[in-house]
Every structure is written in structure tokens, then in C-alpha cells.
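Mind looking over this structure? Questions follow.
What follows is calculated from the coordinates using simple rules that are stated; it is not laboratory data. The shown structure was predicted, so the numbers you read here are calculated from the model rather than taken from an experiment. Note that we place each Cβ from the backbone using ideal geometry, even for glycine, and neighbour counts take in every protein chain shown.
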Amino acid sequence: MRGPVMVSLLPGITLFGIFFLVPFFVLVATAFARWGGLDFAWVGLDNYQRMFDDPVFFKAFGNTLFYAAASMFIQVPLGVAVGMVLALRPRGWRALRTIIFVPFVISGAAYAVIFSMFYNPRSGLLNNVLGALGLSGDRDWLFDTATARWAVAGTFVFIIGFVVVLVMAEIASIPNEIYEAASVDGATTWQQLTRITLPLLRNVIGTAILVRLLVDIGMFDLVFILTAGGPDDATATLALYAYRAYLNGEWGYANAVGSVILAVGLVLIVTVRRAFRIGERAL
Amino acid sequence: MRSAESVAAAGKRPRWAHVLIYGFLGAVALLALTPTVWVMLSSFKTGNQIFSGEGFWPSPFTVQGFVDAFTQIHLHEYLLNTLIYATLGTLGALVAAFLAAYPLARFVFVGRNALVALFSLALALPLVGLATPVFFVVRELGLFDSRLGMVIFYSALQFPFTFIVLRAFLVSTPPELEEAAMMDGAGYFTTLLRVVLPLARPALATVAVVAFVNIWNEFFFANLLLVSQENQNVQLALAGFKSQFGFNVTGAVAGATVVMLVPICLFLILQRQVISGLTAGAVK
């Protein structure tokens, strides 16, 4: 059995080793080097020193956390609420679930095209609707430092399909008897939702936050295509900041930033897992 | 699924509750879909109407944008590349993951748990952090800006997710059938192919759809690893469309619509697979 098992594991281990493990070790090592193709020299902590001296890095860091917060405090709660309401099975809930899920399968690049049109100061739908309502309809949402970050967050906070289906699946696994007993005791639908369902969703809410945080910490496509990080880096993210260094041929520096991205991801994940007590069921 | 019905049946809801429920769901759906629907409708508009921003509905109605998307932007070339990447990348990930998931679900050996944990970790990290070293490794292997390289890379990128879902599925199925087959003298790979594979078909279908859509929508690594226009995928084409707005806006908007419709249609047809695949991947 030993032989076949080894052969069986080989393709997976090879793919994983070449494209995840090797890059990971290259990243960790070269984060302490000046490296740009042919040029290579160990520089100790210089890359990190430079990072912490660069206000743009902190701007990108802050924006990344801003997007993560938008997901955590707008997108996920909204998705949980919609999931709970849909789980009440109002007439037409299947169709509504489909409609609300569809935006989730559209790519970041497509959203960049959609929202560069939607936010367009002259021909965009947003300003036309606002103008028709008699509100000021000439703001350049994406390229005004006051609104740029919010405009970017607005492209994804309503894409809640994933949270909705997670929540609905979890609610479906709650035993019937609990609700029957509550009904017998005279609990209203509202009481059942807030006192029974919501507490039982803790785990899945944590999972939804985790999955979303992962996307936000690595956020790139939308910002890169939509604003290229502008105006004045008001929408830039860590991934975009690292990418700029890569384009400049400063690979060591890009990798130091990359290590921060991975570390932030790890810290947030461990924190959320603890806070929501995820993983208490076995692997 | 049963429990919710009892909540619904718990009492007939009053009229105001219905108004509240549908008002809320309608508002959310409107916020989530309006920009996308508006852009899709815009792909039937003339360039003049798009630039003027007048009117929600196309007037006059035209399919010139779709003609431009194929004749001028050559969308079909990007579509073909993406189809190759998504199909073969999914297949590669599926084969590698299935082969690895089976022994890691069934047998106990030294390093098994470490290997499972390692594969799972890749799904829990923001992989864009690895951009530069991935570029470096791919280039050193001679796979930079190549279709074959992209297929192999996407197989690797989708491997952790595919592996985790398949392994969880296999762990939850009883081993009796395989044991019986092996007792009858069937070898490891015969058992895997004749007994386990048919058993795992629903799980394979589920992860395949999700992996396909993921690769179809992938932008970051395509942008990093492809330069020639002849190798680019549709997401790179979309990014290019933004700069096309100036001279061929109708083609760009119609092209974006076509690119979006592929995963949307897949989802509408295979809704159950997509939803259960995503749910399984997240909860594991």
C-alpha cells in the first residue's frame, strides 16, 4: 500500500510545493534583501524600516483595514439579516435567494467596469438619479478624496450572496424541536429569530467574516482597475502597494510588504477564530 | 431545511410583516443588482446614449456593441483562452486533489495530519502576498507568459480548496465498499478508479463548478503571469476595456456583459452545486 499511496500523493504535493511552499520560503528570505532580478544583497531589516517610514504604506494599510471593516460591519450583518429573513421562507424565497446570490459570481474586474460607468460624474447612473431627485449630481465619487474609499466599498458591501447561503444552510441544520417548543411556549417569530436562531449562528457568522477578511486583505482587482489606488492613494491597498514595488523591480521590498499581508491575514484569522470559537469541531 | 418551515408555520404573519419582509429584501436586491443590470442594458445602447447618460432603457435598441466586441476587440480569442484555463485548470486541480484526498481521508500514516493542515492553510492565507515569488518561480520554470504555465498554475491555485472539500466528503462516506473491493484482490488504483471515483461523483461535480468559476474570474495572477495579448484571459480584457471606453465604448460594455454572463448562466443552471460547493469549502 505504501507505494501507491506515495504515487497518489505526488501530484498534489508537487503542485503545492512548487507554487505555495517554495514561493513562501523565497518570500520570507528575500524580505530581508535588496533584490531585483540580478541584483541581490542582504540588507537586514532595511525593507521594514523603509516601510514604516513611508506614509503611503500606512495609507494603504489603513485603506485595507477600512475595506475589511466595511465587510465586517456592513456586508456580513446585512447578509446575516437577509439569510435569516429568507429562512422564514416567505413566498418566492427561492427566486429571491437566486437574485441576491447572482452578484457573487461576477468578477472583480467586471465590477470595475460596471462601477467606473456607474460612478461616472457625467454619464453615470448614480449622478443621474441624484440629479433627478434634485440632489447635487456632479460629484466625481471615485476621484474625490472625500468619497473615494466609500465609493470603492460601495462596490462590494451589497454582494452578500455568499453570507446568505452560509446562514441559510446553518439555519437548516437547527433541529425543529427547538422552534416547536418555543412556539408552544408562545414565543413570537421575532423572539425565535433573535433568541434562538441568532445565537446559534455565531459559528457561521465567524466563518463568513473569515472568508471575507481574506478577500479584503488581498484586495487588488477592483482598486487596481477602478482607480489605480488614486486619488492621492486614497483607495490604495496593501496588495496594490506591494505590486507597485514589484513593478519597480524592488522585489525584496515587495516581499517585505507581502510578508505583512500574510501576517495581517494570519493575525486577523486567529483573532476571529478565537472570538467566534471556530474550529472547536475537528478539522 | 425542515426547521425553517416550522418557523414559517409557527403563525400566519400579519400584513405589516409581509410589507417589511418584501420591502427589506427588495431594497437589498435593488442595491446589489442595479449597477450591473444598468450596465447590461447599456450593452444594447448606442455610443451616444451611453455617453449622454440619458435614459435607463436602450433607445434606440442595437446589438452593434456585441458585433464590435467580436469584430473589433476580438473577444472570442480571450474567451477561448479563458475556457482553456478554466477547463484544464479545473481538471488538473481535480485529479491532483482526488488522488491526494483519498489516502489522506482513509489511511493513517506519519505526517498525514501535518500534510492536511498544510494544504488547508493555503486556503486561509491571502495568497496575493506571494505575488513576486510566484512570478519568480514561474519564470524560472520557463512557464511565464505561457498557456501551459497558466493551466498548471491554476491547477495549483485551485488545489487546496478542491482537496479540502473532497477529503471532507470522503471522510464522511463509509469505507466498506472499498474494503470489499480490496479484499477481492483489487489494487489501490483499481479501487480508486472503479469504486471511489463513482462514489465521489457528486462531490467532484460540485467542486468542479466552483473551481471553474474561480478560474474564469481570476485577474490577479493572470495580470502577473501573462503579457502577450494572445495569451490573456477575459478578465485582463475587461481591465483593458476601461481604456477602450474612449473609442469603442459599445464594444467594451457588450464584451463585459458577455464575460459576466458565463458564470451567471453556469450558476443559474447548476445552482445547487455552486451553493453546496461554496458552503462546504467555507465550513471545513
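List every residue pair whose Cβ atoms sit under 9 Å apart, with the two residues 6 or more apart in sequence or on different chains, where the first one lies in region B:112-134 and is closer than 15 Å to B:Val165 by Cα and the second, anywhere, is part of a helix (DSSP H, G or I) and basic (Lys, Arg).
Taking only residues 6 or more apart or on different chains, the pairs are B:Val116/B:Arg167; B:Phe119/B:Arg167.
Considering each residue of region A:103-137, count those that are assigned to a loop (DSSP other than H, G, I, E, B) and within 12 Å of chain B (Cβ to nearest Cβ), and give that number.
9
Considering (1) free of Cβ contacts under 8 Å to residues at least 60 places away in the same chain; (2) within 23 Å of B:Leu268 (Cα to Cα); (3) surrounded by 17 or more Cβ atoms within 10 Å (Cβ to Cβ); (4) not basic (Lys, Arg), say which one A:Tyr119 fails and leave the rest.
(2)
Follow-up. Mind checking whether some residue in region A:85-102 is surrounded by fewer than 17 Cβ atoms within 10 Å (Cβ to Cβ), over 22 Å from the mean Cα position of the chain (by Cα) and in a helix (DSSP H, G or I)?
Within region A:85-102, one or more residues are surrounded by fewer than 17 Cβ atoms within 10 Å (Cβ to Cβ), over 22 Å from the mean Cα position of the chain (by Cα) and in a helix (DSSP H, G or I).
A further question on this structure: Quick one: would you say B:Val249 is crowded, with 20+ Cβ neighbours inside 10 Å, in contact with a helix residue (DSSP H, G or I) (Cβ under 9 Å, 6 or more places away or on another chain), within 10 Å of chain A (Cβ to nearest Cβ) and farther than 30 Å from B:Leu141 by Cα?
Judged against the criteria, B:Val249 is a match.
Right, here's the next one. For region A:194-203, state whether one or more residues are of a type outside the set (Lys, Arg) and closer than 18 Å to A:Phe73 by Cβ.
Yes, region A:194-203 contains at least one residue that is of a type outside the set (Lys, Arg) and closer than 18 Å to A:Phe73 by Cβ.
Name the residues in region A:74-97 that are of a type in the set (A, V, I, L, M) and under 18 Å from B:Arg13 (Cβ atoms), would you?
At the first step, the residues of region A:74-97 found to be of a type in the set (A, V, I, L, M) are A:74, A:76, A:78, A:80-82, A:84-88, A:95-96.
Scanning region A:74-97 gives A:Ala81, A:Val82, A:Met84, A:Val85, A:Leu86, A:Ala87, A:Leu88, A:Leu96.
I would also like to ask the following. Test A:Thr155 against the criterion of being of a type outside the set (D, E, K, R) and more than 28 Å from B:Ala222 (Cβ to Cβ), and give yes or no.
Working: of a type outside the set (D, E, K, R): yes; more than 28 Å from B:Ala222 (Cβ to Cβ): no.
No, not satisfied.
With respect to A:Ala68, is the statement that it is more than 8 Å from chain B (Cβ to nearest Cβ), touching a strand residue (DSSP E or B) at 6+ places or on another chain (Cβ under 6 Å), in contact (Cβ under 8 Å) with a residue 40 or more places away in the chain and under 30 Å from B:Pro160 (Cβ atoms) true?
For A:Ala68, the condition - more than 8 Å from chain B (Cβ to nearest Cβ), touching a strand residue (DSSP E or B) at 6+ places or on another chain (Cβ under 6 Å), in contact (Cβ under 8 Å) with a residue 40 or more places away in the chain and under 30 Å from B:Pro160 (Cβ atoms) - is not met.
Still on this structure, please answer the following. Only one residue in A:Val76, A:Val43 is touching a helix residue (DSSP H, G or I) at 6+ places or on another chain (Cβ under 9 Å), within 30 Å of A:Glu250 (Cβ to Cβ), in contact (Cβ under 8 Å) with a residue 40 or more places away in the chain and among the β-branched types (Val, Ile, Thr), so which one is that?
A:Val43
Can I ask one more? So is A:Asp233 under 23 Å from the mean Cα position of the chain (by Cα), facing chain B (nearest Cβ under 10 Å) and closer than 18 Å to A:Ala68 by Cα or not? Spell out the reasoning first.
Values: under 23 Å from the mean Cα position of the chain (by Cα): yes; facing chain B (nearest Cβ under 10 Å): no; closer than 18 Å to A:Ala68 by Cα: yes.
So A:Asp233 does not fit the description; no.
I need a count of the residues in region B:12-33 that are closer than 23 Å to B:Thr257 by Cα and either at the interface with chain A (Cβ under 7 Å from one of its Cβ atoms) or crowded, with 16+ Cβ neighbours inside 10 Å (or both).
Summing the residues that are closer than 23 Å to B:Thr257 by Cα and either at the interface with chain A (Cβ under 7 Å from one of its Cβ atoms) or crowded, with 16+ Cβ neighbours inside 10 Å (or both) in region B:12-33 gives 5.
Might you check whether a residue that is buried (at least 23 other Cβ atoms within 10 Å of the Cβ), touching a Pro at 6+ places or on another chain (Cβ under 7 Å) and of a type outside the set (D, E, K, R) occurs anywhere in region B:203-216?
yes
Give B:Arg201, B:Arg194 a once-over and let me know the one that is more than 8 Å from chain A (Cβ to nearest Cβ) and either within 24 Å of B:Val137 (Cα to Cα) or free of Cβ contacts under 8 Å to residues at least 12 places away in the same chain (or both).
Working: B:Arg194 fails: either within 24 Å of B:Val137 (Cα to Cα) or free of Cβ contacts under 8 Å to residues at least 12 places away in the same chain (or both).
Criteria check complete, one pass: B:Arg201.
Something else now. Tell me whether region B:134-149 contains one or more residues that are in contact with a Phe, Trp or Tyr (Cβ under 7 Å, 6 or more places away or on another chain), farther than 18 Å from B:Tyr85 by Cβ and buried (at least 24 other Cβ atoms within 10 Å of the Cβ).
The answer is no, given that none of the residues of region B:134-149 is in contact with a Phe, Trp or Tyr (Cβ under 7 Å, 6 or more places away or on another chain), farther than 18 Å from B:Tyr85 by Cβ and buried (at least 24 other Cβ atoms within 10 Å of the Cβ).
Among the helices (runs of 4 or more DSSP H) contained in region A:161-220, which hold 3 or more residues that are surrounded by 19 or more Cβ atoms within 10 Å (Cβ to Cβ)? If you could, list the steps in order and put the result at the bottom.
On the way: elements: A:161-172, A:176-184, A:202-217.
In region A:161-220, A:161-172, A:202-217 are the helices (runs of 4 or more DSSP H) which contain 3 or more residues that are surrounded by 19 or more Cβ atoms within 10 Å (Cβ to Cβ).
Still on this structure: Going through region A:45-65 one residue at a time, which ones are of a type outside the set (A, V, I, L, M, F, W, C), more than 13 Å from chain B (Cβ to nearest Cβ) and in a helix (DSSP H, G or I)?
A:Asp46, A:Tyr48, A:Gln49, A:Arg50, A:Asp53, A:Pro55, A:Lys59, A:Gly62, A:Asn63 - these are the residues of region A:45-65 that are of a type outside the set (A, V, I, L, M, F, W, C), more than 13 Å from chain B (Cβ to nearest Cβ) and in a helix (DSSP H, G or I).
Look through region A:87-100, keep the residues that are at the interface with chain B (Cβ under 7 Å from one of its Cβ atoms) and either in contact (Cβ under 8 Å) with a residue 12 or more places away in the chain or of a type in the set (Gly, Ala, Ser) (or both), and return whichever of them is farthest from A:Leu200 (Cα to Cα).
A:Ile100
All but one of (1) in a loop (DSSP other than H, G, I, E, B); (2) out of contact with any Ser or Thr (no Cβ under 6 Å at 6 or more places or on another chain); (3) farther than 30 Å from B:His18 by Cα hold for A:Ile225; state the number of the condition that does not hold.
Just one mismatch for A:Ile225, condition (1).
Any idea how many residues of region A:37-71 are surrounded by fewer than 17 Cβ atoms within 10 Å (Cβ to Cβ), at negative phi and of a type in the set (Gly, Ala, Ser)?
Residues flagged as surrounded by fewer than 17 Cβ atoms within 10 Å (Cβ to Cβ), at negative phi and of a type in the set (Gly, Ala, Ser) within region A:37-71 amount to 3.
A further question on this structure: Among (1) surrounded by 22 or more Cβ atoms within 10 Å (Cβ to Cβ); (2) free of Cβ contacts under 8 Å to residues at least 12 places away in the same chain, where does A:Leu130 come up short?
Result: A:Leu130 fails condition (1) only.
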